[in-house]
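Student: My questions all concern the structure below.
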Amino acid sequence: MLETSVAQKPTLPTPAWGSSGSFLQINQAEKDLNLDLALDRLLIQDRIYRYAWAFDERHIDALNNCFTEDAVWEGNTQGVTPVPQFKGRTTITDWLSGFWANQSDQRRHVMVNIVIDNQSAEKADALVMLMLTAAEQSKLEIVLTSFYKLHLEKESGVWRIAHLFEGFDVDF
Amino acid sequence: MNEDQASVRPSWGHIDQVINLNTDQSLVSKEMLTERVLIAERMYRYGWAFDERQIDALGECFTENATWQASIMGTSSLGPFNGRIEIMNFMKGFWPNQSDQRRHNITNVIVEIQSEQSVNVLAYLVLMSASEQGLKPVTTGFYKVEMIKLDGTWKIQDLLVGFDLAY
């Protein structure tokens, strides 16, 4: 009887692939946050939620306003498959809104677990978890989970996304 | 309402003009920004009170003459129920018939129009159900809420919940 050794194929996603693949880093919590920075965190959260609202309600003007003029959108699936990079507000939102014609369901980008790092009066980084749902024909599905790693900048008092990285836990 | 629609239409809230999302963040004072902590908390307390079947806490979420109504995908509606007592009677009427543990996960809370005494709020809902049959998502949707400040406390004056599924 021949004995064979079969190499075990790794399954994807590898747990904690964001950290192990250096796509994200969990930092220590800020100490002694002052009131101005704390209030700015509300607006940073507001921007993250508005990104979800704008996409799901297919509101292109609101979606455009989520990004700086020279923003970058990029991503990776499970740490193994890069998503092409898109540069510039219009390029990004043209690409994002291009999905709408092919999505007949009601998507909800449910944003949770927002943490903010490296915050100053004008800049901040944020990590966010996403649960994407889709409702259609009496059926509700969880489409995917992912994380966002964001860099935001303040323009005339308004926070906008300057860099967005989305890490997808599932292939889609 | 269009009774002929059998399934959800993507962005139906906008199509039916139930929602008119602002195109950008609004600039508000520090004081008004601070109020948003309590405004969001009112939404979360509404979820807690219903799921924990605390009728007094649920009643506290609303003004005396509040209204509550629902739209199911823009194709059918429920309510309006007028006044706190009518709303409470309607809501607690579900409890004897729901043997599962519901969780109203309320997220993506944004403030649209804000003054010192009133505010318009939008939020997402992901309704989950836990029972012997397991855990399942029931529906998603949104809340469109007007709150007013009474004696320093934010309370719901008008609530519209939009469900993405009939359930």
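Values in this text are rule-based calculations from the coordinates and carry no lab data. Predicted model only: the values in this text are computed from it and were never measured. All Cβ positions, glycine included, derive from the backbone under ideal geometry; neighbour counts span all protein chains shown.
Student: Could you give the distance between the Cα centres of the stretch B:108-167 and the stretch A:24-41, to the whole Å?
Tutor: Cα centres, the stretch B:108-167 to the stretch A:24-41: 27 Å.
Student: Given Cβ point charges of +1 (Lys, Arg) and -1 (Asp, Glu) and nothing else, what value in debye, to the nearest 20, does the dipole of the stretch A:22-116 about its Cα centre take?
Tutor: 220
Student: Could you compute the FRET efficiency for residue B:166 and residue A:31, with r as their C-beta to C-beta distance and R0 at 41 Å, rounded to 0.05?
Tutor: 0.25
Student: Please compute, for peptide B:115-126, the average count of beta-carbon atoms on other protein chains lying within 10 Å of each residue's beta-carbon.
Tutor: Per residue, the average neighbour count from other chains is 2.
Student: Hey, another quick one. Hey, can you rank A:129-136, A:89-96 by average C-beta count inside 10 Å, highest first?
Tutor: Ranked from most to least packed, the peptides come out as A:129-136, A:89-96.
Student: If you average the C-alpha positions of the stretch A:63-94 and of the stretch B:14-85 separately, how far apart do those two centres end up, in angstrom?
Tutor: Taking the Cα centre of the stretch B:14-85 as reference, the centre of the stretch A:63-94 is 33 Å away.
Student: Only residues of the stretch A:102-134 count here: report those whose backbone N is under 15 Å from the spot 7 Å along Cα→Cβ of residue B:14, or say none.
Tutor: Answer for the stretch A:102-134: A:102-109.
Student: Considering the dipole of chain A built from charges on the beta carbon (Lys and Arg +1, Asp and Glu -1) around the Cα centre, which of A:118, A:51, A:131 is farthest to its positive end?
Tutor: Of A:118, A:51, A:131, it is A:131.
Student: Round to the nearest 0.05 the FRET efficiency obtained for residue B:100 and residue A:90 when R0 = 35 Å and r is the Cβ-Cβ distance.
Tutor: According to the calculation, E is roughly 0.15.
Student: Where nothing but the Cβ of Lys and Arg (+1) and of Asp and Glu (-1) is charged, how large is the charge dipole of the protein assembly as shown around its Cα centre, in debye to the nearest 20?
Tutor: The calculation lands at about 340 debye.
Student: Within 10 Å of each Cβ in peptide A:127-136, how many partner chain Cβ atoms are there on average? Round it to a whole number, please.
Tutor: Taking the mean over all residues of the peptide, I get 3.
Student: Averaged across the residues of A:153-163, what count of C-beta atoms belonging to other chains lies within 10 Å of each residue's C-beta?
Tutor: 1
Student: Can I ask one more? Considering the options A:39, A:10, A:76, tell which one lies farthest towards the positive end of the dipole of the stretch A:7-136, charges being +1 on Lys and Arg and -1 on Asp and Glu at the Cβ, about the Cα centre.
Tutor: Farthest towards the positive end: A:10.
Student: With loop defined by DSSP as not H, G, I, E or B, and exposure as at most 13 other Cβ atoms within 10 Å, which is the longest segment of chain B clear of exposed GluC sites (Glu not before Pro)?
Tutor: It runs B:53-115.
Student: Placing +1 at every Lys and Arg Cβ and -1 at every Asp and Glu Cβ, with all other atoms neutral, what dipole size does chain B have around its Cα centre, in debye to the nearest 20?
Tutor: 280
Student: May I pose another question? Pick out, from B:139, B:124, B:38, the residue whose Cα sits farthest towards the positive end of the charge dipole of the stretch B:30-148, with +1 on the Cβ of Lys and Arg and -1 on the Cβ of Asp and Glu.
Tutor: The one lying farthest along the dipole's positive direction is B:139.
Student: Now a separate question. Chymotrypsin sites (Phe, Trp or Tyr not before Pro) within the stretch B:29-107: which are DSSP loop residues with at most 15 other Cβ atoms inside 10 Å?
Tutor: Those that pass, being in a loop and sparsely packed, are B:94.
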